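To start, the structure itself, in C-alpha cells.
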C-alpha cells in the first residue's frame with residue numbers, strides 16, 4: 001500500500017464556523033496505481049489533494065491518519081512535512097503553469113528549488129535533460145523565461161519539475177483542464193509514461209473530466225459534498241456504477257455520437273448543499289431519486305465487492 | 001441569417017504594432033434560420049475572434065459580414081441598436097460577466113433603459129418573469145440577489161434570459177458551458193436546443209467536441225484562422241477528411257473508447273505561417289508532399305455540403 005488515509009477530517013475555519021470540506025475520508029492507493037479523483041466544483045477534491053501536502057490555515061486538521069509507504073505523514077505540522085514535500089510527495093497544483101516565476105529563467109528556478117532542498121543541480125541536470133527529451137521539450141527551455149512557453153509546454157515543464165526527485169506520490173490537480181484536446185491527450189499520456197517508468201510510484205489525478213480519467217486512471221474515486229461516494233476500478237465506475245450520484249453524473253455527460261434529438265440527456269436537479277451546515281445523513285439525499293428513510297442516517301463507506309467501495313444505504317441494504 | 005464572406009482579421013502585435021498576426025484568414029460560412037452551427041478549434045484558432053467580429057466588438061480587416069443581406073460593418077447608431085436587438089451573445093465566464101456590487105438583475109434594468117424605456121413596470125416584470133421561466137429558473141428564487149448568491153449555472157442562464165428579453169434571432173454562444181459543472185452543463189445545452197426549436201439561430205463556439213456534436217447540425221473546424229473542414233456534424237465526426245480533423249477526433253477523451261495510438265505532434269505547433277497549408281508542419285499523413293508547403297489548398301466541396309481544404 002503506497003498511501004493509506006484513515007478517517008481524515010479537514011475543515012475550513014471561517015467566522016461563521018467550520019466549513020466541512022472533507023469529512024471522514026478513508027481510502028488507500030496501491031503501488032503503481034493511478035487514482036482519479038472526480039466530482040463537481042466545491043466537492044472537496046482539491047482540499048483532499050492539498051491536505052496531504054500543505055495543510056495550512058484556513059484549513060484546519062481535525063483528526064485522521066495519513067500513511068505513505070508505511071510511514072506516518074505529519075500532515076498537521078507544516079514544518080515537519082518539509083522533510084516529505086517534493087521528495088516523497090509532490091503536487092502539481094491547479095494553475096501551476098501560471099505560477100512559474102516570470103522574472104527568472106526556468107533553469108535558474110529549478111536550480112534554486114533544488115538547492116533549497118539541499119540537492120546539487122549539476123548532478124541532477126543530466127537526468128533533468130533526459131526527462132525533458134521524454135516530454136518532447138528542447139533543452140533550450142532551461143534558458144527561457146516562462147512567458148516564452150505555451151500552456152502545454154509549461155504544463156509539461158511543471159510535470160518534469162515536480163517529479164524530478166522520484167516521489168512516491170504525485171498529486172496532479174486539474175493539469176489537463178486548460179489545454180487543447182490534442183495537448184491534453186499528450187500530457188495525460190505522459191502521466192502514464194512517468195508511472196510506467198517508475199518516476200512516480202502512484203498518482204492522484206484530480207479532475208472534473210471523467211472521460212480523461214477513463215483513458216488513464218486505474219481506479220476512480222467520486223466525491224460528493226466533502227464525502228466519498230464511490231471508489232472502484234475505472235471500468236466499473238464508467239460502465240456499472242452503483243452509487244446514484246455516480247450514475248447520474250456519468251449519464252449526464254454528452255458523448256460523441258449522442259445528439260439531443262436522438263437521446264436527450266438530463267442534468268442532476270438541485271444544488272450541492274452548503275458545507276457550512278450540511279444536512280445530517282447522506283449529503284446527496286435531497287437530489288437523490290432513490291432516497292428513502294434510512295438516508296437520514298450517515299451511510300458508511302463500505303466494500304460491497306472486491307475493490308468496490310460505496311457509501312449508499314440503498315445499495316448496501318439491497319446486497320444483504 | 002448571418003453570412004460571412006471572406007472575412008479576415010489581422011492583429012497588430014509587437015512594440016509599435018509592427019508585426020502582423022493573422023488571426024482569421026478568408027473565412028466564409030453562413031448560419032441559416034433556426035440552425036445551430038458549432039465553431040470548433042483549439043486556443044488561438046480564431047474562433048472567439050469570429051464571434052467578436054459578428055458582434056462588432058472588433059473591426060473586420062477585410063471581407064464582409066451580412067446579417068439578412070445588410071453589411072453590418074457599415075450600420076450606424078440607430079440601426080446598430082436594432083442590430084443588437086436581433087443579435088446578442090453570452091460569454092464563457094458567468095462570474096466575471098456581472099458587477100459584484102450590484103444585484104444580478106441589474107442586467108435586466110440596463111436592457112430596459114436602453115431598449116424599452118416606454119414599457120410599463122407591470123408589463124416589464126411580466127416579461128422578465130416569462131424569460132426567466134423560459135430558461136428554467138424560478139423568478140422568486142433568483143431575483144433580487146447578488147451574483148455571489150447564485151450558482152454558475154444560474155448566472156449563465158440569467159445571461160441567456162437577458163438575451164431573450166430582446167427577442168433575439170441570433171445568439172453567439174462563446175464557450176458558454178465550459179465553466180459549468182457536468183451536472184448543470186446538460187441543462188444549459190438542452191435549453192439552447194429548446195430555443196433553437198423556437199427558431200433561434202446559434203453560433204456555438206466550443207473546444208469540446210462532444211458538446212458540439214450533441215447540439216449542432218453543422219460543424220466548422222478551424223485551424224490557425226482557416227476553415228479546414230466544414231459540413232454536416234455526423235460527417236465531420238465519423239467521416240473526417242482533413243488530417244487535422246482526424247487527429248482531433250482521435251484525441252477526444254471518450255467514455256466508450258480508449259485512445260488509440262495516434263501521434264500528437266507538439267513541437268511544430270508554434271511554426272511560422274507560410275504560403276502553404278496551415279497544417280503542413282504537424283501533418284502526419286504519409287501522402288504529404290512538397291506541394292502542400294507551397295500552396296494553400298482551397299476549401300472544396302468533397303460531397304454535398306461537406307467541405308475540406310486538403311490536397312490529399
key: Mean separation of Cα contacts under 8 Å (6+ apart) over length of chain A, as relative contact order %   = 21
request  = Compute the long axis of helix B:121-134 from its Cα atoms, compare it with the longest principal axis of the Cα atoms of chain B, and write down the angle in degrees, 0 to 90, nearest 10.
outcome  = 40
ask   = Separation of the stretch A:268-295 and the stretch B:1-61 by C-alpha centroid, Å?
value = 45
key: Inter-chain shielding of A:214-226 (mean C-beta neighbours from other protein chains, 10 Å cut-off)   = 1
remark   = Which of B:299, B:150, B:255 fluctuates most in a GNM of chain B (C-alpha springs under 10 Å)? That residue is B:255
remark   = Quick numbers on the stretch A:182-320, Rg and Dmax over C-alpha atoms in Å, give 16.8, 50
message = Taking 8 Å as the Cα distance limit and 6 or more residues as the minimum spacing, I'd like the relative contact order of chain B as a percentage.
response = 21
message = If I take every Cα pair under 8 Å that is 6 or more residues apart in the stretch A:1-111, average their sequence separation and divide by the length, what percent do I get for the relative contact order?
response = 29
query = When only alpha-carbon atoms count, how far does the stretch A:3-319 stretch along each of its three principal axes, as whole angstroms with the largest first?
reply = 64, 50, 39
ask   = Which percentage, to the nearest 5, of the DSSP beta bridges contained in the stretch A:3-319 is antiparallel?
value = 60
remark   = Across B:152, B:34, B:18, the residue with the highest GNM fluctuation in chain B (Cα network, 10 Å cutoff) is B:18
remark   = 1/(1 + (r/R0)^6) with r = Cβ-Cβ of residue A:65 and residue A:30, R0 = 25 Å, i.e. FRET efficiency to nearest 0.05, evaluates to 0.90
message = Given a 10 angstrom Cα cut-off, can you work out which residue in A:236, A:256, A:205 is the most mobile in a GNM of chain A?
response = A:256
message = Restricting to bridges with both residues inside the stretch B:2-308, how much of the DSSP beta-bridge set is antiparallel, in percent to the nearest 5?
response = 60
ask   = In a solvent-free Debye calculation with one equal scatterer on each Cα, what is log10 I(q)/I(0) for the protein assembly as shown at q = 0.06 Å⁻¹, listed in the order of the q values?
value = -0.36
ask   = Along the three principal axes, how long is the stretch A:104-173 when you take its alpha carbons, biggest first, rounded to the nearest angstrom?
value = 29, 25, 20
message = Using a 10 Å cut-off around each Cβ of peptide B:183-193, what is the average number of partner chain Cβ atoms that fall inside?
response = 5
inquiry  = Only counting other Cβ atoms within 10 Å, I'd like B:282, A:85 sorted with the fewest neighbours first.
reply    = A:85, B:282
inquiry  = With n ≥ 4 as the cut-off for DSSP H runs, can you work out [θ] at 222 nm for chain B, using -39500 (n - 2.57) per run divided by the number of residues, rounded to the nearest 500?
reply    = -9500 deg cm²/dmol
note = Check: C-alpha center the stretch A:46-110 vs C-alpha center the stretch B:167-192, spacing in Å is 36
request  = Take the alpha-carbon positions of the stretch B:162-243, form their convex hull, and give its projected area averaged over all directions (one quarter of the hull surface) in nm².
outcome  = 6.3
query = If one computes P(r) from the Cα atoms of the stretch B:167-312, what percent of pairs lie at distances over 27 Å?
reply = 30
key: Estimated 222 nm signal from helices in chain A, with DSSP H stretches of n ≥ 4 weighted -39500 (n - 2.57), rounded to 500   = -8000 deg cm²/dmol
note = With the convex hull built on the alpha-carbon atoms of the stretch B:1-147, volume per residue in Å³ sits at 171
ask   = Roughly how compact is the stretch B:2-308, stated as its Cα Rg over 2.2 N^0.38 Å to two decimals?
value = 1.07
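Only the coordinates and a few stated rules stand behind these numbers; no lab work does. None of the values given here were measured: they were computed from a predicted structure. Every residue, glycine as well, gets a Cβ built from its backbone with ideal geometry; the counts of neighbours run over all protein chains shown.
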